[in-house]
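The values are calculated or read from the model by the stated rules, or taken from the named source; none is laboratory data. Everything numeric in this text was worked out from a predicted model, so none of it was measured. No Cβ is skipped: glycine too gets one built from the backbone with ideal geometry, and neighbour counts run over all protein chains shown. The accessibility values were calculated without ligands, DNA or RNA, using every heavy atom of the protein model including side chains. Shrake-Rupley method; radii C 1.70, N 1.55, O 1.52, S 1.80 Å.
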Amino acid sequence: MEWNSSILEWTRKPEAFEISKEKIEITTAPHTDLWQRTYYHFRNDNAPVLQMTAKEKYFSFTVKTEFQNSHHRFDQCGVVMYLDSENWLKASIEYENEDFQHLGSVVTNHGYSAWATTEISANIKSMWYRLSRREDDFCIECSKDGIHFSQMRVCHMWEAKGDVRFGIYACSPEESSFTAVFTHMEMSECRWLAHDGQAPDEDTEA
């Protein structure tokens, strides 16, 4: 399976974008976001999402993101697996202020989002992500150089039982706009290796 720009589909198409074989650019519109319920008690589901569909149960998808002119609180772009409005995951850097940003991920199962973050310097303007699937479990990793990846999150997606859709997204939840650039998009065999420690629990169901 290859990452093929010609078969990508928009969940929501932005007003401004460019797609080529080597690069995709998305210019965000103000007040676009992905979030479901938890803590804030609102539901935002209008961020542009560009994806392809995979039947494979085991794979990895890698992409480099660049966001040189992100400048306003919550400006973000990254990797996404969007199944429907209440079941999705994403990883990105969200701009906060001139001092720091939030590198993090959001997992949304059955309409409730869980956000995990760490603070990084506001000077960082590019990041690689790798999304890996092992059946209905997923791993998200990040890298500054595209070579050495660090785990961000391991999660289960309850509705990822068959085909899944995954790709890229960008949005500006507040009164802002910036252009996100995506390059080095690659599909590969699953680089999230099978666990080699404690054995799985035995099936005790009757």
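Below, the figures for the structure above:
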item: Cα-based convex hull volume of the stretch 167-206 per residue, rounded to whole Å³; result: 208
item: Spatially proximal lysines relative to LYS64 (Cα-Cα < 22 Å; intrachain offsets below 8 disregarded); result: LYS13, LYS21, LYS23, LYS90, LYS125, LYS144
item: Overall Cα dimensions of the stretch 1-158, principal axis frame, Å, largest first; result: 42, 37, 34
item: DSSP-loop chymotrypsin sites (Phe, Trp or Tyr not before Pro) across the stretch 153-206, with at most 14 other Cβ within 10 angstrom; result: TRP158
item: Solvent-accessible area per residue for the stretch 67-206 (1.4 angstrom probe, square angstrom); result: 49
item: Cut-off 9 Å between beta-carbons: net charge of the residues surrounding MET81, Lys and Arg +1, Asp and Glu -1; result: +3
item: Whole-percent carbon and sulfur share, accessible surface of the chain, 1.4 Å; result: 46
item: About the Cα centre, charge dipole magnitude for the chain (Lys/Arg +1, Asp/Glu -1 at Cβ), debye; result: 360
